[in-house]
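Peer 1: Below you'll find the structure I mean.
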Amino acid sequence: MIINSSRKNRLVASLAGIGLVASATLVAAAPANAASGCNWLDYDQSNGNVIGECYGDHSGAKAHVTVHCNAVFPFTPWTNTHTVTVNYGLDFAYTISNCPWPASYSISGTVS
């Protein structure tokens with residue numbers, strides 16, 4: 001079979017296009033590196049309720065949530081760290097001590 005140069009060029013261009021689409025599909029199908037973290041955390045100073053939503057990149061991932069209360073005299077400052085198994089993602093709630101007003105507080109979380 002004889003292929004003229006015009007047909008040969010179209011064939012090469014078609015094969016290149018198919019290769020490009022195939023490689024783009026493979027790249028899109030490759031798993032991305034999943035991240036871990038918390039979408040949001042909240043602490044209710046008046047009643048001690050802690051709520052949040054955290055996610056991990058593996059089964060058994062744990063969120064470590066820390067609340068620090070900067071209480072002032074006559075109260076004592078305190079820090080509470082609580083661990084919650086979140087696996088690939090979980091909304092959670094639990095209760096700890098309240099932080100007496102007008103003290104300031106902070107809340108943070110990491111996932112491992």
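Peer 1: Scan segment 38-78 residue by residue and report those that are of a type in the set (A, V, I, L, M, F, W, C), at pLDDT 95 or above and crowded, with 17+ Cβ neighbours inside 10 Å.
Peer 2: Cys38, Leu41, Val50, Cys54, Ala61, Ala63, Val65, Val67, Cys69, listed by residue number.
Peer 1: Please go through segment 46-64 and give me each residue that is farther than 11 Å from Ala93 by Cα and among the hydrophobic types (A, V, I, L, M, F, W, C), ordered by number.
Peer 2: Cys54, Ala61, Ala63
The values are calculated or read from the model by the stated rules, or taken from the named source; none is laboratory data. Worth saying up front: this structure is predicted, and the values here are computed from it rather than measured. Cβ coordinates were reconstructed from backbone atoms using ideal geometry, including for glycine residues, and neighbour counts include every protein chain displayed.
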